[in-house]
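*Asks:* Structure provided below as structure tokens; questions to follow.
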Amino acid sequence: MGNTGRENINASSLSLGQNIIRIAKIHPLDEAGRLGVKDVGSNAIVTSTPSETAKAVLQQLTIGGKLKETSTEALQYFKFPKSSDTVIFRPVSADGSPAISINAKSHFGQEYKIHFVVALKSSKGK
């Protein structure tokens, strides 16, 4: 098997908050401590490869979380043991971009959504 980026991490001991802090080394936090930059209606991570970047961030975010059954294939739902933290991944959200919803009570009690986009909505038309 290839390297998934998870091999040397004790997954059962990680929280969503710890995962966010690790990911912030690659994708900086905004002024409120959330991944991505503020955009219209949510945060965003700007990338030339939205789908691939979203999947890579999802893989790192969900270390220690458990994939739960859902009634739809349009999303993946992860729950973290010993907390109410959750991550929901939508490969295609309402606006067409991949999106991750984060409910991180272990990380400043935050709940927010990140879209993975080629350009910020707030910069369109400028």
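*Asks:* Sum -39500 (n - 2.57) across every DSSP H segment of at least 4 residues in the chain, then divide by the residue count to get the 222 nm mean residue ellipticity, nearest 500.
*Replies:* -4500 deg cm²/dmol
*Asks:* Can I ask one more? Would you calculate the separation in nanometres between label points at residue 26 and residue 51, each defined as 7 Å from the Cα along the Cα-to-beta-carbon direction?
*Replies:* It works out to 1.8 nm between the two label points.
*Asks:* How large is ³J(HN,Hα) for each residue in region 81-91, as worked out from phi by the Karplus curve 6.51 cos²θ - 1.76 cosθ + 1.60 (θ = phi - 60°), to whole Hz, x for Gly and Pro?
*Replies:* Residue by residue, region 81-91 yields x, 6, 7, 9, 5, 9, 9, 10, 10, 10, x Hz.
*Asks:* So, one more: Ratio of the chain's C-alpha Rg to 2.2 N^0.38 Å, to two decimals?
*Replies:* Values: Rg = 14.2 Å, N = 126, 2.2 N^0.38 = 13.8 Å.
My calculation over the Cα atoms of the chain gives 1.03.
A short reminder: the numbers here are calculations on the coordinates, not readings from a lab. Quantities reported herein were computed from a predicted structural model and do not represent experimental measurements. Methodologically, a virtual Cβ is constructed for each residue, glycine included, from the backbone with ideal geometry; neighbour enumeration extends over all protein chains shown.
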